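See structure below.
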Amino acid sequence: MSDQAILRFDAVAPLRARVAAWRGAGESVVLVPTMGALHAGHLALVARARELGRRVVASIFVNPTQFGPTEDFSRYPRDTETDLALLAEAGADAAYLPDIATMYPPDFSTRIVVDGLTEGLCGQFRPGHFSGVATVVTKLLNQAQPDIALFGEKDYQQLLVIRRAVRDLDLPVAIRGVPTLRETDGLALSSRNRYLSAQERAVAPRLHRVLTGIAEGLSAGAEAGPLVAKGHAALDAAGFAPVQYLEIRDAETLAPVTRADRPVRVLAAAYLGRTRLIDNVAALRS
Ligand code: AMP
């Protein structure tokens, strides 16, 4: 219920005991992993979780191992009390907020590495990022032991990497994707949007417009190469610098697209000032 206090856990054993009790009583449990600084996109995951299961656990952990040495780990926004209030209002039953020593004891020595899927796109520009993600998510899944875990399509490569790790390691959980929630002007909601200046915020929706333009072009039968070149030029002209990638990939394998009879995804990452934005849209090629 929206006005109910939310259960709060910061250690593995009590969290597991609570989840086991729920599941033992026939109540399915859905985990929503987050790094906090919650916005309506995260809350859309919680809403979807409530549709898919009886109990919802949201985790909040800003995972240091998925940030590169020059990235924004130390300045990543943190606001636990607001996050807890938002989760309670959204109807989550429990919040799991492990501290760093719970996730990474001093002699922590194990990493999950997913080959192939992680090599291009964000993986190319954020070395070690997906290993950090796969490791922390594997831990969160083992700690919470939910029936289902939800991830946003906003981080499309991440969703596929987690699906693959879960399949490869036979983790007993169903991974489900949730469509990207956007502002009315198309900008994908992100905790990092708060870094944008007013001027950058005005430019930011161009990223989504370029992606949808390419998707529409593909479905109208246009050639991929010129569409991507035109999109790249539009991003350059709008002030995105650098544009790290703008690519059309197979929606399931992320392989470069060679055949027209499979669903594809148009994906991009680009900086606006100091802020790195990513986005992607589905496309059909005709
Ligand atoms: P983060 O806190 O950025 O790690 O995100 C936690 C989860 O929320 C991830 O599964 C993200 O893909 C998802 N997410 C973030 N932004 C959005 C959005 N705009 N729409 C849907 N899901 C999102």
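The values are calculated or read from the model by the stated rules, or taken from the named source; none is laboratory data. From a predicted model like this one, the values you see are computed outputs, not experimental measurements. Ideal geometry is used to build each Cβ from the backbone, glycine not excepted, and the neighbour counts take in all protein chains shown. The accessibility values were calculated without ligands, DNA or RNA, using every heavy atom of the protein model including side chains. Shrake-Rupley method; radii C 1.70, N 1.55, O 1.52, S 1.80 Å.
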Fully extended contour minus Cα-Cα distance, from R23 to R54, at 0.36 nm per residue: 10.2 nm
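Are there chymotrypsin sites (Phe, Trp or Tyr not before Pro) in segment 37-115 that DSSP puts in a loop and that have at most 16 other Cβ atoms within 10 Å, and which ones? All intermediate terms of the calculation are to be shown ahead of the outcome.
Numbers: sites: F61, F67, F73, Y96, F108; in loops: F61, F67, F73, F108.
In loop regions of segment 37-115 (DSSP not H, G, I, E or B), the sparsely surrounded chymotrypsin sites (Phe, Trp or Tyr not before Pro) are F73, F108.
When a/c is below 1.5 the answer is rounded, else prolate if a/b is larger than b/c, else oblate, so apply that to segment 65-203 with a ≥ b ≥ c taken from the square roots of the Cα gyration tensor eigenvalues. Walk me through the numbers on the way to the answer.
Details: a/c = 1.40, a/b = 1.23, b/c = 1.14.
Because its axes are fairly even, with a/c under 1.5, segment 65-203 counts as rounded.
For the chain, what is the accessible area per residue in Å², given a 1.4 Å probe and the full set of protein chains?
Values: 13360 Å² over 286 residues.
Per-residue value: 47 Å².
Percent of accessible area on the chain owned by carbon and sulfur, 1.4 Å probe? Walk me through the numbers before you get to the answer.
Details: 6950 of 13360 Å².
Taking all protein chains in place, the chain shows 52 percent carbon and sulfur surface.
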Viscosity 1.002 mPa s, temperature 20 °C, Stokes-Einstein D of the chain from Kirkwood C-alpha radius, µm²/s: 108 µm²/s
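Show that you can apply the helix-only estimate: for the chain, add -39,500 (n - 2.57) for every DSSP H stretch of four or more residues, divide by all residues, and state [θ] at 222 nm to the nearest 500. List each step's numbers first, then the result.
Details: 10 runs with 109 residues, N = 286.
Value at 222 nm, helices only: -11500 deg cm²/dmol.
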Mean separation of Cα contacts under 8 Å (6+ apart) over length of the chain, as relative contact order %: 17 percent
Area accessible to solvent at E89, 1.4 Å probe radius, in Å²: 120 Å²
Three-way shape call for segment 154-286 based on the alpha-carbon gyration tensor, with the a/c threshold at 1.5: oblate
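Quick one: work out Rg over Rh on the C-alpha atoms of segment 7-61, Rh as Kirkwood radius.
On the way: Rg = 11.6 Å, Rh = 11.8 Å.
On the Cα set of segment 7-61, Rg over Rh gives 0.98.
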Length added when fully stretched, A85-T110, from 0.36 nm per residue minus Cα-Cα: 5.6 nm
Burial order of peptide ranges 221-232, 39-50 (average beta-carbon count within 10 Å, highest first): 39-50, 221-232
